[in-house]
Amino acid sequence: MPISRQYNNVMKFSQLLTKYRERAGLSKTALAKKLGVSPMYIMNIESGRQKPPTFEKCEKITSLLNVQKNEVRDFWRAAFKERVGESDERFLRGSRHHLESI
């Protein structure tokens, strides 16, 4: 099966971020403050108007929101897919090892 098909079932990053933020009981403003970014930045990511943040910010988000270890894989898959695009099979293939180790 082509790797991009494996990633089609993953929720969008914006949906996952919203889900984990709400589960953690944080407002967009509170999360933004903890990340050192503007609330508009969080709103734009959650609305899908902006691509997922950098690796470093994603890592900080998973820590701040206490994302469960078994959920981190989907979070990263969504981020990679949306930052790179579905058509870059070579990148996804190279990232597969990293994603499977999470």
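A few comments on the model shown:
- For the stretch 1-55, residues that are in a helix (DSSP H, G or I) and at pLDDT below 90 total 5.
- Among the residues of the stretch 49-78, those that are touching a residue at least 40 places away in the same chain (Cβ under 8 Å) and in contact with a Leu (Cβ under 9 Å, 6 or more places away or on another chain) comprise Ile61, Leu64, Leu65, Val67, Glu71, Asp74, Phe75, Arg77, Ala78.
- Boolean, Lys60 is surrounded by 14 or more Cβ atoms within 10 Å (Cβ to Cβ), at pLDDT below 95, in a helix (DSSP H, G or I) and on the phi < 0 side of the Ramachandran plot: yes
- The residues of the stretch 12-32 that are out of contact with any Leu (no Cβ under 9 Å at 6 or more places or on another chain) and basic (Lys, Arg), listed by number, are Lys12, Lys19, Lys28.
- Checking Asp74 against (1) within 14 Å of Phe13 (Cβ to Cβ); (2) of a type in the set (D, E, K, R); (3) modelled with pLDDT under 85, the condition it does not meet: (3)
The values are calculated or read from the model by the stated rules, or taken from the named source; none is laboratory data. Since the model is a prediction, treat every value here as computed from it, not as a measurement. Methodologically, a virtual Cβ is constructed for each residue, glycine included, from the backbone with ideal geometry; neighbour enumeration extends over all protein chains shown.
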